[in-house]
Amino acid sequence: MAKNRDSMDKNRHPDPDANTAEDALEAEVLEQAEEIAREAEREAAEAREEAEAIEPVGEDGPHDEPDLASLLEDARAKADEHYEQLLRSRAEFDNLRRRQERELENAHKFALENFAKELLQVRDSLELGLQAVRGENAELEKLREGTELTLKLLADAMRKFNIEQIDPQGRPFDPQYHQAMSIQPRDDVPPNTVVQVVQKGYTLNDRLIRPAMVMVSQAAS
């Protein structure tokens, strides 16, 4: 068995570009809420400017003070209305932001819930196999069958979550998915061929999470 290497850790970081449809929807909703709040704030500011620009005419001016006072009152009412709309928009935005934060927190907290459920049956199978080994009349063939069944359960669980195995035996060496542990002179295979897989590799959604540890051929001297 080959030893796990620290150099593989860089392949285990989550993909920063792996955005989901829910993330895009959340960004769109937040952007719309912010736009509503900005628009309400602009309208409230404009209404206040109109109200401040209108002043009742003095005693020496034309006799249209009631009309100007009415306009001033309307402008102030409009400003108050837009200000209330701004406050409501901000409250809705804050509620939406808090709800999205809770949903995001739960998504992070329970992201592996379904995968964990799939692993439970693998653990159950391993425990049954261990109990069979401890029995007085343990049969090697049944233990082998149980081990193969457990391995199949694990492979099926991994496949459900797009975890695929890399087994490049007999294939050309690919540095993107393989890591060479040694080079062997061989004249029975073309150079740069994987002649032995020491440890299989794996990908998650086509992203490498562990390269295959292999031995590679070179032309015999």
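The values are calculated or read from the model by the stated rules, or taken from the named source; none is laboratory data. This one's a predicted model, so the numbers in the text were calculated from it and none came from an experiment. No Cβ is skipped: glycine too gets one built from the backbone with ideal geometry, and neighbour counts run over all protein chains shown.
Looking at region 178-186, can you tell me whether even one residue there is of a type in the set (Ser, Thr, Tyr) and in contact with a Gly (Cβ under 9 Å, 6 or more places away or on another chain)? Within region 178-186, not a single residue is of a type in the set (Ser, Thr, Tyr) and in contact with a Gly (Cβ under 9 Å, 6 or more places away or on another chain).
Out of Asp206, Asp174, Asp188, report the one residue that is under 27 Å from Asn114 (Cα atoms) and acidic (Asp, Glu). Give the steps one after another, and end with the answer.
Details: Asp174 fails: under 27 Å from Asn114 (Cα atoms); Asp188 fails: under 27 Å from Asn114 (Cα atoms).
One residue alone meets the criteria, Asp206.
Restricting attention to region 136-163 and to residues that are of a type outside the set (A, V, I, L, M) and in contact (Cβ under 8 Å) with a residue 40 or more places away in the chain, the residue that is nearest to Leu208 (Cα to Cα) turns out to be Asn162.
A quick yes/no check of all residues on (1) touching a Lys or Arg at 6+ places or on another chain (Cβ under 8 Å); (2) modelled with pLDDT of 90 or more; (3) exposed (fewer than 13 other Cβ atoms within 10 Å of the Cβ):
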| residue | (1), (2), (3) |
| --- | --- |
| Gln100 | no, no, no |
| Leu120 | no, yes, yes |
| Gly135 | no, no, yes |
| Arg159 | no, yes, yes |
| His178 | no, yes, no |
| Ser182 | no, yes, yes |
| Pro190 | no, yes, yes |
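With respect to the conditions (1) exposed (fewer than 10 other Cβ atoms within 10 Å of the Cβ); (2) under 17 Å from Leu154 (Cα atoms), Asp124 falls short on a single one, namely (1).
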